[in-house]
Amino acid sequence: MAKPEFSVQETLDSVLDRSDGEDVADAESEDFDEASETEDHLEQDQDHNETYEENADEEDADEDTYLSKDGSIDWTSSPPRRARKPKKTLQTTGITKYASCHAKDIKSTFELFLTEEILKIVLEMSNVEGRHVFAEEWTDLDLADIQAYIGVVILAGVYRANHEAMASLWHPDSGRGIFRAVMTLKTFKKISRIIRFDDKQTRISRSVNDKLAAIRVVWNKWAERLPMMYNPGPNVTVDDFLVPFRGRCPFRQLKPSKPTKYGIKIWAVRDSKTSYVWNMQVYTGKSVSGNQEKEPGTRVVLDVTEGLEGHTIFCDRFFTSLALSQELLKRRLTMVGIIDKNKPELPPALLATKGRACFSSMFGFTETHSLVSYCPKKGETVLLLSTLHRDASVSSRDDKKPTIILDYNKSKGVDNLEKMVATYTCKRKTVRWPMVLFFNMLDVSALNSYVLWTDARPEWHSGKSFRRRLFLEELGKALVGPLMEARQPLQPLPHTPVLNKGRRPLELEDEASTSHTEAAPRKRMRCFLCPREKDRKTSLMCRTCTNPICRSHAVYHAYCLECTDS
């Protein structure tokens with residue numbers, strides 16, 4: 001969905017419009033630093049009662065009044081003497097009691113989001129597709145297989161190998177042994193090919209009224225788990241989240257301000273401090289009927305914040321409007337956000353740039369709203385609307401930024417979620433958009449479970465700046481553990497060194513010349529671990545199971561010179 005166009009004479013400089021996540025009042029702002037992986041714990045906000053505050057200063061006799069464009073609102077240059085504070089009751093923040101009782105270890109914390117019920121749906125639909133594609137060659141998967149597959153892609157994200165070729169990950173020299181110990185490359189490719197989330201037989205009929213039919217059931221069951229596990233702090237951010245994707249998708253979006261430009265847009269509600277994702281909603285474009293929404297931003301914020309009370313919503317220019325702020329006040333929610341200059345509720349006096357000094361601020365007030373017009377440099381202004389602030393306070397910094405802008409820049413962190421997810425993303429190259437959403441579900445579930453785990457156990461690896469990487473690594477190993485133990489007799493340990501490249505290993509020479517030659521003549525046979533189409537013949541056999549193995553799947557042990565001579 002494209003954002004509303006600005007009027008030409010009021011369009012901000014490229015610095016102000018460069019991206020949704022930039023500092024709204026810093027003309028020389030640089031890119032955000034890499035997202036810190038150490039989240040602190042939320043402090044419970046005090047309850048507020050609906051009161052009227054008396055302003056300390058007497059009302060000026062020459063107080064200015066600004067009339068809005070549509071003539072419906074009178075903005076005053078000074079705060080009203082009896083400013084109304086909204087009644088706010090904020091519940092206890094942090095992990096919920098339900099999540100605290102069920103988060104016994106890292107794996108169970110992750111399973112709070114990706115539940116067994118969800119995995120059984122994926123398992124059932126994937127086996128149906130597997131039998132259809134591979135017929136009699138297909139062997140049904142079980143929960144251990146699906147969990148191991150998820151663990152493998154999570155570990156690939158931890159090792160920053162999500163864009164690396166799969167053959168390289170399983171390579172005996174350059175790859176990591178844990179992947180080969182969990183499953184073969186052929187098995188991983190098979191699961192990636194057949195994994196499904198719905199019944200393909202009925203998808204066409206369901207797609208008529210639902211563009212997200214291919215993954216709707218799984219997505220809804222997963223999304224409804226998000227608000228059950230964590231109570232966000234006093235500040236909550238609402239923004240769009242673009243999942244990179246360039247394949248065919250009926251609701252793929254173009255957003256030039258994002259680095260990836262093309263992708264699937266998701267509306268996200270997250271805690272501004274910990275980046276816990278409290279709710280997500282996929283944007284599927286225009287409705288099936290083709291009717292255009294008049295105020296899509298208002299509808300999105302009201303939908304995704306349903307159930308919140310006593311919080312402050314921070315949002316960008318796409319969402320902010322006077323009508324939205326009034327609806328949020330009815331829900332005991334305050335709002336702070338950038339507002340477009342073409343809104344009819346704004347007074348022209350605060351939009352003018354002629355004669356404005358750099359770092360100057362102009363304020364407008366009503367009984368419930370505050371409006372600030374800040375001039376970061378000559379010829380430019382930026383406007384923010386707030387129902388949280390009740391005064392015209394300005395910082396003592398050199399740039400004299402108003403408190404409203406400082407609070408917005410501190411709590412917005414618009415791009416913080418995307419950066420945290422992209423740091424250790426498990427997303428792999430695919431042409432199927434349901435898989436893109438599924439990988440995003442895994443990324444968000446891993447991030448949320450990390451927030452829960454560190455909130456419940458703040459002493460866990462405290463003081464380390466890479467706690468999240470340690471968490472994801474332990475999570476991946478916990479998911480692949482059951483299947484790896486079941487396959488252990490068939491595969492070597494993941495960290496067995498591979499040495500003596502280019503020559504026959506001494507251990508295999510002794511094995512081939514003694515034990516196996518006595519039992520049977522050495523006959524070249526096809527390696528039972530290599531794909532059948534390669535038809536790789538070998539005379540080596542496994543010491544334990546006596547299956548034929550090629551040199552790529554053999555274990556090479558290192559010996560010192562003294563032991564070799566002996």
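The values are calculated or read from the model by the stated rules, or taken from the named source; none is laboratory data. For clarity, every value in this text was computed on a predicted model and none was experimentally measured. Here Cβ is always computed from backbone atoms with ideal geometry, including for glycine, and neighbour counts include all displayed protein chains. What goes into the accessible areas is simple: the full protein's heavy atoms, side chains included, and nothing from ligands, DNA or RNA. Shrake-Rupley method; radii C 1.70, N 1.55, O 1.52, S 1.80 Å.
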task: Keeping to segment 101-142, report how many residues are among the β-branched types (Val, Ile, Thr) and more than 22 Å from residue 154 (Cβ to Cβ).
output: 3
task: Identify all residues within segment 204-238 that are in contact with a strand residue (DSSP E or B) (Cβ under 7 Å, 6 or more places away or on another chain) and open to solvent by 10 Å² or more (accessible area, probe 1.4 Å); write none if there are none.
output: 223, 227, 231, 234, 235
- request: Please enumerate the residues belonging to segment 175-194 that are open to solvent by 80 Å² or more (accessible area, probe 1.4 Å) and without any contact (Cβ under 8 Å) to a residue 40 or more places away in the chain.
  value: 189
Every residue from segment 263-304 that is surrounded by 20 or more Cβ atoms within 10 Å (Cβ to Cβ), farther than 24 Å from residue 423 by Cβ and out of contact with any strand residue (DSSP E or B) (no Cβ under 6 Å at 6 or more places or on another chain): 297
- prompt: Counting only residues that are in contact (Cβ under 8 Å) with a residue 60 or more places away in the chain and among the basic types (Lys, Arg), which one in segment 252-261 is most open to solvent (accessible area, probe 1.4 Å)?
  reply: 252
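For (1) buried (at least 16 other Cβ atoms within 10 Å of the Cβ); (2) within 29 Å of residue 157 (Cα to Cα); (3) modelled with pLDDT under 70; (4) not hydrophobic (A, V, I, L, M, F, W, C), each residue gets a yes or a no:
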residue	(1), (2), (3), (4)
485	no, yes, no, yes
503	no, no, yes, yes
508	yes, no, yes, no
520	no, no, yes, no
540	yes, no, no, no
547	no, no, no, yes
561	no, no, yes, no
- prompt: Restricting to helices (runs of 4 or more DSSP H) lying wholly in segment 92-140: which have 2 or more residues that are open to solvent by less than 20 Å² (accessible area, probe 1.4 Å) and modelled with pLDDT of 95 or more?
  reply: 106-110, 116-134
- request: Look at residue 330 and say whether it is under 32 Å from the mean Cα position of the chain (by Cα) and free of Cβ contacts under 8 Å to residues at least 12 places away in the same chain.
  value: yes
- request: Return yes when residue 496 is in a loop (DSSP other than H, G, I, E, B), surrounded by 11 or more Cβ atoms within 10 Å (Cβ to Cβ) and either modelled with pLDDT of 65 or more or not hydrophobic (A, V, I, L, M, F, W, C) (or both) and no when it is not.
  value: yes
query: From the list 359, 363, which one is part of a strand (DSSP E or B), open to solvent by 10 Å² or more (accessible area, probe 1.4 Å), farther than 25 Å from residue 277 by Cβ and among the hydrophobic types (A, V, I, L, M, F, W, C)?
result: 363
- prompt: Got at least one residue in segment 326-338 being among the aliphatic types (A, V, I, L, M), within 29 Å of residue 234 (Cα to Cα), out of contact with any Ser or Thr (no Cβ under 8 Å at 6 or more places or on another chain) and not in a loop (DSSP other than H, G, I, E, B)?
  reply: no
- request: Within segment 195-202, identify whether any single residue is open to solvent by 60 Å² or more (accessible area, probe 1.4 Å), assigned to a helix (DSSP H, G or I), within 21 Å of residue 435 (Cα to Cα) and not aliphatic (A, V, I, L, M), and answer yes or no.
  value: no
- prompt: If a residue has to be open to solvent by 10 Å² or more (accessible area, probe 1.4 Å) and over 21 Å from residue 426 (Cβ atoms) to count, how many in segment 241-251 make the cut?
  reply: 2
query: Has segment 307-319 got at least one residue that is open to solvent by 10 Å² or more (accessible area, probe 1.4 Å), modelled with pLDDT of 90 or more and not in a loop (DSSP other than H, G, I, E, B)?
result: no
